[in-house]
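For reference, the structure discussed in these notes is given below.
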Amino acid sequence: MASVLVHQLVKSFNNVHAVHDVGFKVNDGEFVFFLGPSGCGKTTTLRMIAGLLMPTSGRIEIGGRNVTFLRPRHRNVGMVFQQNVLYPHMSVADNLAYPLKVRGFTRKEVREKLGEVAERLRIADVLDRMPDELSGGQSQRVAIGRMLVRQADVFLMDEAISHLDAKLRAHMRTELRHLQKTLGVTTLFVSHDQLEAMSMGDRILVMNDGAIQQFGTPQEVFDRPANRFVAGFVGEPHMNILPAEIRHEGARPVARWAGGAMPLPDLPHGLVEGSLVDVGIRPEHVVLAAPSRTNAGHGNVEALEPLGAECLVTVQAGGQTLRARLPAVRADRLGFDVGAAVSLQFPRDHIYLFDKAG
Ligand code: ADP
Ligand code: MG
């Protein structure tokens with residue numbers, strides 16, 4: 001077990017700056033997610049930590065030891081990637097046992113460890129099979145098992161459960177979280193799936209364009225997004241982002257936007273009359289009501305999507321599209337149809353203001 005320190009890490013491929021100046025510290029025993037859109041540099045960062053790719057510049061330490069230029073096998077890290085190769089001539093059980101046998105575990109110890117991992121990963125019934133007799137999901141779980149049984153200092157996983165079917169993925173989320181906590185092994189997990197990151201991670205490192213946008217707990221990233229990118233990326237459906245101008249109308253500042261004027265909380269430092277901002281509001285906080293003279297906003301219903309207990313309503317307002325998520329019973333009571341006029345309210349406590357520059 002060990003901490004992982006990354007300092008001013010840079011990787012360029014010819015003209016492509018895949019990772020620029022990335023720095024962070026993962027504590028011993030932590031489960032950290034790299035979350036970001038495709039191409040933002042997650043895999044490149046992880047591969048440098050694994051030792052599969054040499055950085056252009058920067059430093060990597062594992063457990064306080066500078067490993068920047070060490071080969072993978074001298075870093076004592078376990079890895080699982082999206083495509084994994086099992087030893088084709090060995091049964092599943094032997095694939096799992098191999099890392100233990102080479103480290104001198106007794107047969108009894110091997111049997112016990114295998115039993116537990118196989119049970120947890122739901123591969124107990126395929127232990128006698130050969131790799132070419134497994135489904136994609138099964139071989140992926142065997143690869144995860146092979147990583148888990150060995151005593152690595154750090155686990156590195158890249159989209160390791162992304163292509164399992166939905167039900168198995170949900171199961172694996174719970175099990176991996178449990179196993180990681182039980183084993184206490186520092187784990188770095190790359191994902192583009194925010195549900196995975198939010199439900200499993202102790203902390204999430206949000207990346208975009210080769211750079212870190214925010215590093216915080218799931219709650220922090222959700223409640224206090226550091227910038228517009230994080231606000232728009234985290235949360236499903238995404239936060240509404242509405243361009244607006246700060247005005248003082250009456251006692252309070254308002255944000256004048258295409259659909260109306262919304263009362264604001266106290267202005268953050270640097271925002272004054274006339275400042276151009278993006279106003280962020282999550283779909284679950286947009287309040288829809290029957291048309292009234294409320295001046296926060298007016299629009300028309302463009303689409304209604306029932307989601308079981310909730311309903312997602314898309315509204316067009318002054319050329320802007322925004323979404324509201326409300327309990328299905330409330331949507332029923334309002335009885336909107338597509339095309340209906342609605343008024344919009346934005347509770348002040350749930351408004352985020354982003355400087356245009358930010
Ligand atoms: P992610 O895992 O977040 O989807 P990657 O780390 O794979 O992103 O890629 C980051 C950027 O680096 C992308 O623009 C990608 O095209 C580029 N890249 C990655 N690997 C190579 C490579 N071997 N050669 C050239 N460009 C690469
Ligand atoms: Mg990737």
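Distance distribution P(r), the stretch 240-355, all Cα-Cα pairs, bin width 10 angstrom from 0: 15, 48, 28, 10, 1 percent.
The angle between the Cα long axis of helix 166-183 and the longest principal axis of the Cα atoms of the chain comes to about 60 degrees, rounded to the nearest 10. Between the helical axis of 92-101 and the longest alpha-carbon principal axis of the chain there is an angle of about 70 degrees.
Treating each Cα of the stretch 1-117 as one equal point scatterer and applying the Debye formula with no solvent, the log10 of I(q)/I(0) at q = 0.18, 0.23 Å⁻¹ comes out as -1.02, -1.30. The HN-Hα couplings worked out from phi for the stretch 42-54 by the Karplus form 6.51 cos²θ - 1.76 cosθ + 1.60 (θ = phi - 60°) are 5, 5, 4, 4, 5, 5, 6, 5, 6, x, 8, 9, 8 Hz, whole numbers, x standing for Gly and Pro. Near the amide H of F34, within less than 5 Å, lie the amide hydrogens of F189, V190, S191, L205, all on another chain or at least 5 residues away, with H placed in the peptide plane.
Extents of the stretch 4-233, taken as max minus min of Cα coordinates on every principal axis and listed largest first, are 50, 38, 31 Å. Using θ = phi - 60° in the Karplus curve 6.51 cos²θ - 1.76 cosθ + 1.60, the 3J(HN,Hα) couplings for the stretch 80-87 round to 9, 10, 5, 10, 10, 10, 8, 5 Hz; x is entered for Gly and Pro. The separation of the stretch 299-346 from the stretch 210-246, counted between C-alpha centres, amounts to 23 Å. The lysine pair count for the chain, using Cα distances under 22 Å and pairs eight or more places apart or on different chains, is 7.
Contact order, relative form, for the stretch 240-355: 31 percent (alpha carbon pairs under 8 Å, 6 or more residues apart, mean separation divided by residue count).
Considering only alpha-carbon pairs that sit under 8 angstrom and 6 or more positions apart, the relative contact order computed for the chain is 15 percent. Relative to the dominant Cα principal axis of the chain, helix 136-149 is inclined by about 70°.
Where a number appears in this text, it was derived from the coordinates with a stated rule and is not lab data. Keep in mind the model is a prediction, meaning the values are calculated, not measured.
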